[in-house]
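These notes are about the structure you will find just below.
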Amino acid sequence: MIIAIDGPAASGKGTIAKRLAAHYGLRHLDTGLIYRAVAKALIDAGASVDDEARAVAAARALNPSTFDERALKSHAVGEAASRVSAVPEVRAALVTLQRNFAAAKPGAVLDGRDIGTVIAPEAEVKIYVTAAPEVRAKRRARELGGYGEVVNEAAVLADILRRDDRDMNRAVAPLKAAPGAHLLDTTHLDIDAAVKAAIDIVEAVRAGRGRG
């Protein structure tokens, strides 16, 4: 079984995906970390995140086994990743990695921004997770504060709105709900309620397909 989870920043999709993977005994891939790793490679090298040639080279040299999730979750890396992910050649370099991960047995839960539309349109279950921007900004500010960063919530909200606009309006693989995706709005849900709602969606789809 492949479960595709898409949605904007801080909607809760990553935590939901991890919990679904654990619940169903599937592997999990946070595809956003892949793009964050490319962005961080450029930052660490002192290169511009708008240097497309360097970004493509970094994407092709990527080794997911070396990822430091804490370092990749910083605000600066996240903002840079949104810009890097809009480069068509970077996306092309990383599509195969993601598709191979999704196709391997026994299945996987992948979360990102183009899983149901581009990476795994054949996914048995597609969920589009969203929440009000103000709520997402509070969540992201809380997350960044937990990493020890000094956080200005208004600035976080402004960055989220810019990222939404960039992700939803980019020419290649824009962020949008895939055909047949189930909408999960987490604005008024805590994480346990959101995970339960996601499990309910998966179970409803499996029941409709004879639990295949």
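Expressed as a whole percent, the accessible surface of segment 20-116 that belongs to carbon and sulfur atoms is 52, based on a 1.4 Å probe. The modelled label-to-label distance for the pair residue 67/residue 100, using points 7 Å beyond Cα in the direction of Cβ, is 1.5 nm. Per residue, the chain exposes an accessible area of 46 Å² to a 1.4 Å probe, with every protein chain left in place. Exposed loop sites here mean trypsin sites (Lys or Arg not before Pro) with a DSSP loop assignment and at most 15 other beta-carbon atoms within 10 Å; the chain contains its longest site-free run at 1-175.
Taking the longest Cα principal axis of the chain as reference, the axis of helix 133-146 is set at about 70 degrees. Each Lys or Arg adds one and each Asp or Glu takes one away; over the other residues whose Cβ falls under 12 Å from the Cβ of residue 156, this sums to +1.
Return the calculated 222 nm mean residue ellipticity for the chain, to the nearest 500 deg cm²/dmol, obtained by summing -39500 (n - 2.57) across DSSP H runs with n ≥ 4 and dividing by the residue count. If you can, show how the numbers build up before the last one.
Details: 9 runs with 114 residues, N = 212.
Mean residue ellipticity, 222 nm, calculated: -17000 deg cm²/dmol.
Which angle from 0 to 90°, rounded to the nearest 10, does the C-alpha axis of helix 31-44 make with the longest principal axis of the chain? Approximately 10 degrees, to the nearest 10. Positive-end ranking of 127, 202, 86 along the dipole of the chain, with charges on Cβ about the Cα centre, is headed by 202.
The values are calculated or read from the model by the stated rules, or taken from the named source; none is laboratory data. In this text the structure is predicted, and so the values were computed from the model without any measurement. Positions of Cβ are generated from backbone atoms using ideal geometry, with glycine treated the same way; all protein chains shown enter the neighbour counts. All accessible areas refer to the heavy atoms of the entire protein, side chains included, with ligands and DNA or RNA removed. Shrake-Rupley method; radii C 1.70, N 1.55, O 1.52, S 1.80 Å.
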